[in-house]
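Each value in this text was obtained by applying a stated rule to the coordinates, not by laboratory testing. Since the model is a prediction, treat every value here as computed from it, not as a measurement. Positions of Cβ are generated from backbone atoms using ideal geometry, with glycine treated the same way; all protein chains shown enter the neighbour counts.
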C-alpha cells in the first residue's frame, strides 16, 4: 500500500507554474529594460539565458522534491492474518435498579463499571463479550477483541436500557451459553457481576447447566450485607424506592446465593470491594482455561521514504546556487 502521511503539503506543487510564470515575466521585463538603456555590454557582464533557464529548472525540481518529502510518502501497511490463542469470556453485568444503591461508593453500578473496565484491560488477548441484565438479559457486545468498543459500551450501562426490572441471573447465564460459538475448541468463562438480589429459582440450575457444557462461572458480588436504599431520583434531593406501604425499600447483597452459583458453575465467589484481588483471581482462572487458535488481522507498520526525496531536493538547490548567470566563469557570479 502507498499513501502520503501529510498530503496537505502537496499543494506546493501548484507553485511550479507560478514559479515559471514569474521567471518568464522577469525575463521579459529585463529584456525591455536593457532595450531602453541601449548598448550595455561594457557596463554589464554578459548574461547567459541558457543558465538562467537552467537555474529555473533546478529550482523547479527542488520544489517538486521538497513538496514530496514534506508530504512523506509511505509504503507498507499490508494486512496480514496472525494467530493467537484465546479463551472466550462473557461478562454479565447487573444493571437493575438495585445496583443504584450507594452502600458502596460511588454506587454499586458505578463501581461495577470501574471494576469491569479494569477486568477487560487485564484480559486483553482473550475474546470478551458483554451482557447486560435486569428483569431480562440482552447481548450488548458479542465475543470480540475490539476492546475500545467494549470499554465504551460498559460506560453506557444504565437501568434505563431495560424496561423490565428484576435480577434475572438465569436469563443472563442462558444468553451467554447461546452466544458462545457452537464449535467448542477452547475454554469458556462467565464473569457474573451482581448484587444477587433475586427470587430467580432457576439461577442455580442455569449455573449447573453452564458448567456441564464446559463453562466456568465466576461470581462477583456488588454491595454489602447491610445494604441500603435504592436511589430513584436525585433532582430535588435523594429520592428512594418505596413499597406499597410507603416504606423505603432496602437492598442487600446476597452473598449466599453468589457462593452457590459459583460452586455450581465450578468457579469462585468474589467481592467487588476487593477489586485488585478479584481481578487477579479472575485473570488466573481465565489463564487456566483451554485456549483456542484465534485468527486476528494485523497491519505492518508504514515505512517513510521522505529522505529519498529530500536528498535530491537539497542537491538541486546546491547546483542552482553554484551556477552563475554570467557567461564569463572567471567573474564572481551573481544570481
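Expressed as a rounded percentage, what relative contact order does the stretch 82-296 have, with Cα pairs under 8 Å and six or more residues apart?
The value is 27 percent.
Cβ crowding within 10 Å, taken as a proxy for footprinting-reagent exposure, orders 110, 226, 126 from fewest neighbours to most as 226, 110, 126. Exposure proxy shown here: for 191, 18, 141, the number of other Cβ atoms within 10 Å sets the order, fewest to most, as 18, 141, 191. Between the stretch 101-118 and the stretch 136-184, the C-alpha centres lie 17 angstrom from each other.
With r defined as the distance between the Cβ atoms of residue 201 and residue 147 and R0 fixed at 41 Å, what FRET efficiency is calculated, to the nearest 0.05? Write down the numbers at each step before the final one.
Details: r = 36 Å, r/R0 = 0.87.
The computed FRET efficiency comes out at 0.70.
Could you check the spin-label model distance between residue 3 and residue 245? Points 7 Å from the Cα along Cα→Cβ, value in nm. It works out to 6.7 nm between the two label points. Scoring 51-59, 302-310 by mean Cβ neighbours within 10 Å over their residues and listing the highest first yields 51-59, 302-310. Over all pairs of distinct alpha carbons, what does the Kirkwood formula give as the hydrodynamic radius of the stretch 82-296, in Å? Computed over Cα pairs of the stretch 82-296, the Kirkwood hydrodynamic radius comes out at 17.2 Å. Extension gain, residue 53 to residue 231, is 55.9 nm, computed as 0.36 nm per intervening residue step minus the present C-alpha separation. Modelled spin-label separation between residue 311 and residue 179, with each label point placed 7 Å from Cα along the Cα-to-Cβ direction: 5.5 nm. Estimated from the Cβ-Cβ distance and a Förster radius of 35 angstrom, the FRET efficiency linking residue 259 and residue 160 is about 0.70. Each of 123, 13 was scored by other Cβ atoms within 10 Å of its Cβ. Listed from fewest to most, they are 13, 123. Between residue 19 and residue 138, the simple label model (points 7 Å from Cα in the Cβ direction) yields a spacing of 6.1 nm. Restricting the calculation to alpha carbons of the stretch 113-159 gives Rg and Dmax of 10.4, 32 angstrom.
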